[in-house]
Amino acid sequence: MTGFILTLGVLTVIYLAALLWIFLGLDRLRLTATAESPFVSVVVAARNEQENIPQLLNALTQQSYPADRYEIIIVDDQSTDLTASMVARPDDERIQLLQTANRHQIISHKKNAINLGIQKARGEIILLTDADCRPPAYWVEGIVRLFTPDVGMVIGFSPCELPRLSLPFGYLLALESLSLAAIAAGTAGWGVPATCNGRNLAYRKKVYQEVGGFAKIQNFISGDDDLMLKLVQRTRWHIRYAYTPQLVVPTMLVRNIVQFAHQRLRHASKGFHYDPQKVIGLLILYVYNLLLLAIVPLALLQQKNLWAPALFIGLKAISEFVVLFRFAAKMKRLHYLIVFPLAELLHVPYVVIFGALGQFIKFKWKEKTDSHA
């Protein structure tokens, strides 16, 4: 038991140091802006989104960015509903509808659709979001302003909160999206963003071409966001975080537990396909949570060192809350923290279970099933 506690103590110190690093990284984020107004292209891959497309187009056509300086490209991935017919707007030349082909021969449907949109795009900068998102009116302008000459990619926050949050499931999902965004923002402050989200993402078209598009990651079902981030990190370009509530892009909550489980298995399945440093970090994080999960029953069974679970779990909870509070306050999402105690109770088993199953269990994404994306 002594060796177990010592090991967990070392991992706790490492974890707390990482959280401190992320916290300090938030202070390093800057919003230096450019006054240039390049032509930009908003690209959205959509399949069977007839319920969402009208509201998305309303949001995208009412942007504060000059109307003659951006286009909207909706790539319909062979929808079987009315998605395509709802895109057509003869009175707005900014909107283009593209159609994918040979969908059954493609491994990654979304990357294929996005690639088609980018190939046809006239913009110097590509902005990406999803059909079930609602970009605010300042989104295009605000994101573009962050592209100073040395910046090749801008990543942002896309919380799960639409159409409305409900207790406890909705708030738990929202808090999880907040925690991932806090990690992305804090690490971006040090110039090494750990993750990003394709629902609020932008990069220069020439950066996309420079890394070879999705060619190096085409065999993964997903990864159009975080695996693309990995490719851009290998270039000379800087990556910035849109650290302001004005550029938050809300998205729809998953509809049920089953959809949630498949989504999380998909995310976990990419764990061993990052850079070696990230893989090592994820392994350390997994072992840390595994030991945290084991220490409670172990201490109870042996009826000694009962202080250990309270100490280690308490340190973890307090440190995480400090980081989340800082990020949530900046992004005006403090109400997410109402479920923090429940989330903290579920977090350790959640990481252990999905971290393990994601490497071996097949998941379903849209109509496609795979085990390793």
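The values are calculated or read from the model by the stated rules, or taken from the named source; none is laboratory data. From a predicted model like this one, the values you see are computed outputs, not experimental measurements. Please note: Cβ atoms are built from the backbone with ideal geometry, for glycine as well, and neighbour counts cover all protein chains shown.
Scanning the stretch 178-217 for residues being touching a Ser or Thr at 6+ places or on another chain (Cβ under 9 Å) and in contact (Cβ under 8 Å) with a residue 24 or more places away in the chain gives a total of 18.
Can you tell me which residues in the stretch 41-57 are assigned to a helix (DSSP H, G or I) and within 23 Å of the chain's Cα centre (by Cα)? Those that are assigned to a helix (DSSP H, G or I) and within 23 Å of the chain's Cα centre (by Cα): Ile53, Gln55, Leu56, Leu57. Only one of the listed residues (Phe340, Phe321) is touching a helix residue (DSSP H, G or I) at 6+ places or on another chain (Cβ under 8 Å), surrounded by fewer than 18 Cβ atoms within 10 Å (Cβ to Cβ) and either not assigned by TED's automatic domain parsing to the domain that holds Trp21 or not charged (D, E, K, R) (or both). That residue is Phe321. Of Leu60, Leu16, Leu11, all but one fail to be among the hydrophobic types (A, V, I, L, M, F, W, C), assigned by TED's automatic domain parsing to the domain that holds Ala185, modelled with pLDDT of 95 or more and assigned to a helix (DSSP H, G or I); the exception is Leu60.
Only a single criterion out of (1) under 29 Å from Thr61 (Cβ atoms); (2) out of contact with any helix residue (DSSP H, G or I) (no Cβ under 8 Å at 6 or more places or on another chain); (3) among the small types (Gly, Ala, Ser) is not satisfied by Ser158, namely (2). Taken together, Ile114, Ile126 contain a single residue that is part of a helix (DSSP H, G or I), under 20 Å from Leu231 (Cβ atoms) and either out of contact with any Gly (no Cβ under 7 Å at 6 or more places or on another chain) or not assigned by TED's automatic domain parsing to the domain that holds Leu231 (or both), which is Ile114. Contact annotation: residue pairs with Cβ atoms under 8 Å, 6 or more positions apart or on different chains, pairing a residue in the stretch 274-290 that is closer than 21 Å to Asp225 by Cα with a partner that is exposed (fewer than 15 other Cβ atoms within 10 Å of the Cβ) and modelled with pLDDT under 90, are Val279/Phe272.
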